[in-house]
Amino acid sequence: MTSIMSTTGNPSVGQPDYSVLANLGSPPYDDRQAYIDWQIKSRKALGSPKYPLDEEAVAQIAGLAWDRDHDPLAMMRQAVAVIKSGDRTEKLRSVKIPTLVIHGESDKMVDIRGGRAVAAAIEGAELVTFEGMGHELPKPLWPVFAAKIANLIRRAETSPQ
């Protein structure tokens, strides 16, 4: 199992901070270019101070997302689901498979304490944090993520079932 930029839901650790996006307003769902521009601004707000944002890549992905389906309620449903799911710490303690927890040390959306709590709740979980990484997966780190995930798969294939 891989947990990326998440938390247990325990109200004392790693709660999502939606105020990070407060100055951006709601994403525009009636104008493709305005939506793309909003996505770039939001990624800058949540991004990684150590890794420059690839605005062209973000624009391309946002455009593809718009073309596929721009659901005005998607972000709200995700926020409600995070809040509604409550504290999952006890359920995480029952996870008995190799687990990798990836978290940015500069995540403004979900404080690093959330990632630490997830790793602490799952016996044997590997916690990997990245200095200067925010609430995204910066392209320069992709080879590291891939290697860590490949190692997780090897651990899962050799662990007793």
Cβ-placed point charges (K, R +1; D, E -1), dipole of the range 1-134 about Cα centre in debye, nearest 20: 460 debye
GLU126 long-range amide H proximity, modeled H, under 5 Å: THR99, LEU100, VAL101
Positive dipole terminus of the chain, leading residue within MET76, ALA45, LEU100 (C-beta point charges): LEU100
Portion, in percent, of the accessible area of the range 41-161 that falls on carbon or sulfur, probe 1.4 Å: 58 percent
Residue-by-residue Karplus 3J(HN,Hα) for the range 2-8, coefficients 6.51, -1.76, 1.60, Hz, glycine and proline x: 10, 10, 10, 6, 10, 8, 7
Separation in nanometres of the label points that stand 7 Å from Cα toward Cβ, at GLU90 and SER12: 1.6 nm
Average accessible area per residue (Å²) across the chain - probe 1.4 Å, nucleic acids and ligands excluded: 60 Å²
Pairwise label distance in nanometres, GLN78 with MET1, each label 7 Å out on the Cα-Cβ vector: 2.0 nm
Identified option (computed mean projected area of the Cα convex hull in nm²; candidates (1) 10.1; (2) 10.8; (3) 8.6): (1)
Inter-site label distance for LYS139 and ARG68 at 7 Å from Cα along Cβ, in nm: 1.8 nm
Cleavage-rule hits (trypsin sites (Lys or Arg not before Pro)) in the range 1-44: DSSP loop, at most 10 neighbouring Cβ within 10 angstrom: none
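The values are calculated or read from the model by the stated rules, or taken from the named source; none is laboratory data. These numbers come from a predicted model, not from an experiment. Note that each Cβ is placed from the backbone with ideal geometry, even for glycine, and that neighbours are counted across all protein chains shown. Ligands, DNA and RNA are stripped out before the accessible areas are found, and what is left, the full protein with its side chains, is counted by its heavy atoms. Shrake-Rupley method; radii C 1.70, N 1.55, O 1.52, S 1.80 Å.
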